[in-house]
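The values are calculated or read from the model by the stated rules, or taken from the named source; none is laboratory data. Since the model is a prediction, treat every value here as computed from it, not as a measurement. All Cβ positions, even for glycine, are placed from backbone atoms using ideal geometry, and neighbour counts span all protein chains on display.
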Amino acid sequence: MKISELLKGLKYQMIEGEDVSAEGLCFDSRKCRPNDVFFAIPGFQTDGNRFIKDAFERGAVAAVVETVPQERLEGKTIIKVEGVRKALSRASHHFYQKPSHGLKVIGVTGTNGKTSTVFFLKELLEKRGEKVGIIGTVGNFFADRVLKSTHTTPESLEIHQLLHEMYHQGASYVIMEVSSHGLSLSRVEDVRFQGTLFTNLSQDHLDFHHTMEEYYQAKRKLFVDSNGWQIMNTDDEYGRRLYREMKKENKNIFALGKTGSEDFVLEIQEKKFHQTVFLFSHEKERTEFVTDLIGEFTVYNLSGAIAAAVCEGHALATLAQGVAGLKPVPGRLDAQLAKEGFKVIIDYAHTPDGLLNVLKALEEEPHRKIITVFGCGGDRDKGKRPKMGKIAQDKSDITFVTSDNPRTEDEMAIIKDILEGMDGSDPNLHVVQNRYDAIKEAIHTAQKEDVVLIAGKGHETYQIFKDRVIDFDEKVIVKEILEANEKDLH
């Protein structure tokens, strides 16, 4: 495909060379193959222009840049654009033959609840006979294929490649988690969305966005740029604002909430041990749903999925049948029962709101004591650390503060930030730097009818340090500790 075809619709300037044909695209020079076009993305730590020469040495036929490289590269094609990320998105869209146009792509965004909503919607649609792919935090799935992911929203090249493959393997739908990073960095710029859904907005990623307003504007972009149906959780203050703003834009929007005035109305009727009964209304239809899933926030996520399925033409009565057998989402309120009669729950909660919601859900469950193990990630929003410390201490009987993914930061410095929001004189507050040791100690502390919450990592199977990444699958670790406890009892 010619460069002019790849960049069709974008302004660009041919600095050197000619309109060559490309056989592939790359943005990492180490992965460039002969006849690829290299996109020199200006990174946060390293400028892609530094790797142009390496890309050409590996066989690239052209480089797309924002600033013309100082070094002369005679006989090489150099194309200048205003935004390399946007150019990569457009080129990927054309190179993979506009894959989103042949699929029904549904985008879910928000601080918390994206993964659960995506998984619930996938299951509901599959129960109605649809073939559904997923792109998101836990991984990228379709049929028997699993692709590991390093970002909630992969780079645009990977997104269009995945959409292309899913389309050719027979997918009818792809449900995608859309992160604020992905929106800010033009990763979904050329994806056509059938529908979009907003879950909520609370403090997270302020290391990247700096302010809540900037964070909101990034999320808002998904809805401004989309012409499909849109669902907003209007029980959330940012959801209400987004609803008002998109209504002025004459978008096809639906409100979801509990006040009774929304297009989709949620009424929680009964909360029992491992069961929630709720009513869900749309237009003149009002249907009872019964689920084994716990927590009001989980019901909100499920309601978003139900509303999306209704927008896709499915009746509430048939969806109620599908909800009855929904599976739990990996790393979300993932429970293991100990022989001694206590529960260990693993959850991805890594924001103040996420942690509060999980602990509130556990409070509603029959229990003796709640024991919480958590830490905060390094090189991420530092402002949420003391807030999470306060929430954990206020909502738990016993709290273990430990490490999470420290990355390049000092583990004890992160723990110190967390402790600033906590009462250090509390005898039930424990600091155990090593996460494995903290989990082990928390489990050994637990007695019959206690609940041990291990928060922050959920589905992740690794721990990231400055100089290494280690295997750290908490589901496996908990199982091993519980089994060792059983042996000690005999």
Selection count where residues are in contact with an Asp or Glu (Cβ under 7 Å, 6 or more places away or on another chain) and either aromatic (Phe, Trp, Tyr) or buried (at least 23 other Cβ atoms within 10 Å of the Cβ) (or both), scope segment 265-293: 2
Within segment 362-400, tally of residues that are more than 18 Å from ALA438 (Cα to Cα), surrounded by fewer than 23 Cβ atoms within 10 Å (Cβ to Cβ) and either more than 24 Å from the chain's Cα centre (by Cα) or of a type in the set (A, V, I, L, M, F, W, C) (or both): 10
Meets criteria (in a helix (DSSP H, G or I), at pLDDT 95 or above and in the same structural domain as HIS444 (by TED's automatic domain parsing)) for MET388: yes
Scope segment 77-131; condition surrounded by fewer than 19 Cβ atoms within 10 Å (Cβ to Cβ) and of a type in the set (Ser, Thr, Tyr); matching residues: none
Of all residues making up segment 35-58, the number that are free of Cβ contacts under 8 Å to residues at least 24 places away in the same chain and surrounded by fewer than 19 Cβ atoms within 10 Å (Cβ to Cβ): 8
From SER425, SER403, residue being of a type in the set (S, T, N, Q) and surrounded by 23 or more Cβ atoms within 10 Å (Cβ to Cβ): SER403
Those residues of segment 465-490 which are exposed (fewer than 12 other Cβ atoms within 10 Å of the Cβ), at pLDDT 95 or above and outside any helix (DSSP H, G or I), in sequence order: ARG468, VAL469, ILE470, ASP471
From GLU18, GLU23, GLU74, residue being surrounded by fewer than 17 Cβ atoms within 10 Å (Cβ to Cβ), closer than 13 Å to SER92 by Cα, touching a strand residue (DSSP E or B) at 6+ places or on another chain (Cβ under 8 Å) and not assigned by TED's automatic domain parsing to the domain that holds ASP190: GLU23
Residue match in segment 44-60 (condition: touching a helix residue (DSSP H, G or I) at 6+ places or on another chain (Cβ under 7 Å) and under 29 Å from ASN227 (Cβ atoms)): no
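Return yes or no: is ASP417 farther than 23 Å from ALA361 by Cα, free of Cβ contacts under 8 Å to residues at least 40 places away in the same chain and not aliphatic (A, V, I, L, M)? Lay out the reasoning, then the answer.
Values: farther than 23 Å from ALA361 by Cα: yes; free of Cβ contacts under 8 Å to residues at least 40 places away in the same chain: no; not aliphatic (A, V, I, L, M): yes.
No: the conditions fail for ASP417.
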Single residue of segment 243-264 satisfying the filter (at pLDDT below 95 and part of a helix (DSSP H, G or I)) that is surrounded by the most Cβ atoms within 10 Å (Cβ to Cβ): LYS247
Residue within segment 196-208 that is of a type in the set (A, V, I, L, M), in a helix (DSSP H, G or I) and within 18 Å of THR115 (Cβ to Cβ) present: no
Long-range neighbours under 6 Å by Cβ, at least six apart or interchain, first residue not assigned by TED's automatic domain parsing to the domain that holds LYS104 within segment 160-188, second in a loop (DSSP other than H, G, I, E, B): none
Qualifying residue in segment 328-344 (condition: surrounded by 23 or more Cβ atoms within 10 Å (Cβ to Cβ), aromatic (Phe, Trp, Tyr) and modelled with pLDDT of 90 or more): no
Subset of segment 196-213 (residues that are surrounded by 22 or more Cβ atoms within 10 Å (Cβ to Cβ) and at pLDDT 90 or above): THR196, LEU197, PHE198, THR199, ASN200, LEU201
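Residue by residue, here is whether (1) under 22 Å from PRO330 (Cβ atoms); (2) hydroxyl-bearing (Ser, Thr, Tyr); (3) outside any strand (DSSP E or B) holds:
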{"site": "HIS367", "(1), (2), (3)": "no, no, yes"}
{"site": "GLY377", "(1), (2), (3)": "yes, no, yes"}
{"site": "PHE400", "(1), (2), (3)": "no, no, no"}
{"site": "ASN405", "(1), (2), (3)": "yes, no, yes"}
{"site": "ALA413", "(1), (2), (3)": "no, no, yes"}
{"site": "ASP417", "(1), (2), (3)": "no, no, yes"}
{"site": "ILE443", "(1), (2), (3)": "yes, no, yes"}
{"site": "VAL452", "(1), (2), (3)": "yes, no, no"}
{"site": "GLN463", "(1), (2), (3)": "yes, no, no"}
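Look at ASP353 and say whether it is at pLDDT below 95 and under 29 Å from LEU293 (Cβ atoms). Don't jump to the end; show me each part of the working.
Working: at pLDDT below 95: yes; under 29 Å from LEU293 (Cβ atoms): yes.
Yes; evaluated as a whole, the condition is true for this residue.
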Some residue of segment 314-327 being modelled with pLDDT of 95 or more, closer than 27 Å to VAL174 by Cβ and in a loop (DSSP other than H, G, I, E, B): yes
Out of ARG192, ARG187, ARG240, sole residue that is in contact with a Pro (Cβ under 9 Å, 6 or more places away or on another chain) and either surrounded by fewer than 22 Cβ atoms within 10 Å (Cβ to Cβ) or outside any strand (DSSP E or B) (or both): ARG187
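Quick one: how many residues across segment 71-125 are among the polar types (S, T, N, Q), under 30 Å from GLN13 (Cβ atoms) and touching a Phe, Trp or Tyr at 6+ places or on another chain (Cβ under 8 Å)?
Narrowing segment 71-125 to residues among the polar types (S, T, N, Q): 77, 89, 92, 97, 100, 109, 111-112, 115-117.
Retained after the next criterion (residues that are under 30 Å from GLN13 (Cβ atoms)): 77, 89, 92, 97, 100.
With touching a Phe, Trp or Tyr at 6+ places or on another chain (Cβ under 8 Å) added as a condition, the list becomes 100.
Summing the residues that are among the polar types (S, T, N, Q), under 30 Å from GLN13 (Cβ atoms) and touching a Phe, Trp or Tyr at 6+ places or on another chain (Cβ under 8 Å) in segment 71-125 gives 1.
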Listing of strands (runs of 3 or more DSSP E) fully contained in segment 9-56 that carry 3 or more residues being modelled with pLDDT under 95 and within 26 Å of the chain's Cα centre (by Cα): none
